[in-house]
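Visitor: Quick one: this structure, given as structure tokens, is what I'll be asking you about.
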Amino acid sequence: MNAVRSIGVAIGIPEPFRTELRDWRKRLGDPNAGLIVPHVTLLGPTEVLASEVATIERHLAGVAVGHEPFVIRLQGSGTFRPLSPVVFVTLAQGTSCCELLEKAVRSGPLDRPARFSYHPHVTVAHELDEVSLDRAFDLLAEYRASFEVTGFELYERGDDCAWRQLRHFPFAGGGGRPTWQDNEMR
């Protein structure tokens, strides 16, 4: 029997912004704050057979080699309401690089139909009541951060629903070879 695994591909937000955004999510009352590391999604939760993971990793390594480091600048808040109960921090720079990367990731063994049009962002509040979502939107309206993206990560959702990094894929010129991560991303 071939087990099913739930994976995702994302750009992890580096420190100190990772902790800042996780703390915001906790303060806002989002129950997923301790389960999901702050990130920009490239491929949302996707179920794959365990036997497919090696092929997917080779695909992602090839995608990473074809891209160069770029800068993401986060600025202000946005929302997907009323379509989806989400408040996020917006990308003021790096959007087109994320779009190209997402398209490359979603090819080959990860070619899947998208549920929504791709819009890179960093979620800070999800599925909260309207008052809490309004509060999140207002409190993060002035949020600012900037960092260099030198690669992306493959994550897996565990039985406890926490997402953990499995592997880092550096871009060409982005600092080395793919690495394995066994540490919990909580």
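FYI, it's all coordinate maths here, none of it is from the lab. These numbers were taken from a predicted model, which means no experiment stands behind them. When we count neighbours, we look across all protein chains shown, and the Cβ atoms used for this are built from the backbone with ideal geometry, even at glycine.
Visitor: Just to verify a result, which residue in the range 87-108, among those that are in contact with a helix residue (DSSP H, G or I) (Cβ under 8 Å, 6 or more places away or on another chain) and surrounded by 15 or more Cβ atoms within 10 Å (Cβ to Cβ), is nearest to PHE17 (Cα to Cα)?
Guide: VAL89
Visitor: Name every residue in the range 1-11 that is surrounded by fewer than 20 Cβ atoms within 10 Å (Cβ to Cβ) and either in contact (Cβ under 8 Å) with a residue 12 or more places away in the chain or touching a Cys at 6+ places or on another chain (Cβ under 8 Å) (or both), in order of residue number.
Guide: Listed by number, the residues that qualify are ASN2, ALA3, VAL4, ARG5, SER6, GLY8.
Visitor: For the range 115-147, what are the residues that are β-branched (Val, Ile, Thr) and either within 17 Å of ASP23 (Cα to Cα) or in contact with a Phe, Trp or Tyr (Cβ under 6 Å, 6 or more places away or on another chain) (or both)?
Guide: Across the range 115-147, the qualifying residues are VAL122, THR123, VAL124.
Visitor: State which residue is surrounded by the most Cβ atoms within 10 Å (Cβ to Cβ) when the search covers only the range 110-135 and only residues that are over 19 Å from the mean Cα position of the chain (by Cα) and part of a helix (DSSP H, G or I). Show your work before the answer.
Guide: Of the residues in the range 110-135, the ones over 19 Å from the mean Cα position of the chain (by Cα) are 128-135.
Among the residues that remain, those that are also part of a helix (DSSP H, G or I) are: 130-135.
Details: GLU130: 10, VAL131: 8, SER132: 16, LEU133: 20, ASP134: 15, ARG135: 17.
Step by step, filter the range 110-135, then rank; the result is LEU133.
Visitor: Do the conditions hold for ARG25, that is, is it closer than 25 Å to SER117 by Cβ and either in contact with a Gly (Cβ under 8 Å, 6 or more places away or on another chain) or not aromatic (Phe, Trp, Tyr) (or both)?
Guide: yes
Visitor: Within the range 84-105, take every residue that is without any contact (Cβ under 8 Å) to a residue 24 or more places away in the chain and not hydroxyl-bearing (Ser, Thr, Tyr) and give me the one that is nearest to ARG144 (Cα to Cα).
Guide: Of everything passing the filter in the range 84-105, ALA92 is nearest to ARG144 (Cα to Cα).
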